[in-house]
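Novice: Structure in structure tokens, see below.
The values are calculated or read from the model by the stated rules, or taken from the named source; none is laboratory data. None of these values were measured; they are calculated from a predicted model. Backbone-built Cβ (ideal geometry, glycine too); neighbour counts: all protein chains shown. Note: accessible area is taken over every heavy atom of the protein model, side chains too, but ligands, DNA and RNA are not part of it. Shrake-Rupley method; radii C 1.70, N 1.55, O 1.52, S 1.80 Å.
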Amino acid sequence: MDILEIARREGRVDVETLALRFEVTPQTIRKDLNDLCDIEKLNRVHGGAVFPSNTVNMAYQARRDISADGKARIARAIAGLIPDNSSLILNIGTTTEQVAYALRRHQGLMVITNNLNVAYILSDAPGVEVVVSGGMVRKSDGGIVGAAAIDLIRQFKVDFAVIGVSAIDEEGCLLDFDYREVRVSQAILGQARTSILAADTSKFERRAPVQIGQLEDLDVFVTDEQPPRSIKKICNVAKVHLKVAEADLATGKAAE
């Protein structure tokens, strides 16, 4: 399997892993990545490259694998912000799935979701009541979209909304690929007293065509590494609470 096929399957490749896999030097891999980026087959990022995703989303399992440790740290940090005996809405996404896992031990929680994976994760959690929206189920990721999903969500006024996005640009625009999913996410944000964005830093390396809203309109942004300077400035000016769940190298756990 060549580098391009690995990137197509997994969404992202890094220099050190490829060097070990192919038993060559990192310098050789960097040259190969630069060559692929020159012909626009890949997009270069720090430490590696990503498969271009300007107009189509990558496979759901590949998205689960990207920044998996960072997503788990984000989820634990968000779970720490959600008290028992509260209500929240979780949208479609691999990071919100991790949030669901992190909430399984909460008590007195009501969770509304348009994500079948989230519903399944929480379905047997003893302290959690789950409400699933109606609508069309996307076979690619178990997400529920459409007018019926929006109608159900608008019947609730919840304490928290936790949303994931596909991309964040340098101006703080929150972006996604499916306009139907975007409409549901906008409805979710409109029904919450506190809105939380859950997004790992790989989202700054991607582009998507449909705008959900602006980072400055949210209350909390939880990510896994220090974001770009422009994003920090937006959070500071708009008084968005930026929470970075960085890894503690000594323990491997989140250092918040």
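Novice: Residue 156 is checked against (1) outside any loop (DSSP other than H, G, I, E, B); (2) within 20 Å of residue 82 (Cβ to Cβ) and fails just one. What number does that condition carry?
Specialist: Unmet condition: (1).
Novice: List every residue pair whose Cβ atoms lie under 6 Å apart, where the two residues are 6 or more positions apart in sequence or sit on different chains, the first residue falls within region 72-93 and is surrounded by fewer than 24 Cβ atoms within 10 Å (Cβ to Cβ), and the second residue, located anywhere, is in a helix (DSSP H, G or I).
Specialist: Short answer, once both residue conditions are applied: 72/98; 76/102; 79/102.
Novice: Working only within region 173-216, note down all residues that are in a strand (DSSP E or B) and of a type in the set (S, T, N, Q). Please lay out each step first, then the result.
Specialist: From region 173-216, those in a strand (DSSP E or B) are 173-176, 192-198, 210-214; that's our starting set.
Selection gives 194, 195, 211, 214.
Novice: Continuing with the same structure: So residue 214 clears everything in (1) open to solvent by 20 Å² or more (accessible area, probe 1.4 Å); (2) touching a Phe, Trp or Tyr at 6+ places or on another chain (Cβ under 8 Å); (3) of a type in the set (S, T, N, Q) except one condition, right? Which one?
Specialist: For residue 214, the exception is condition (2).
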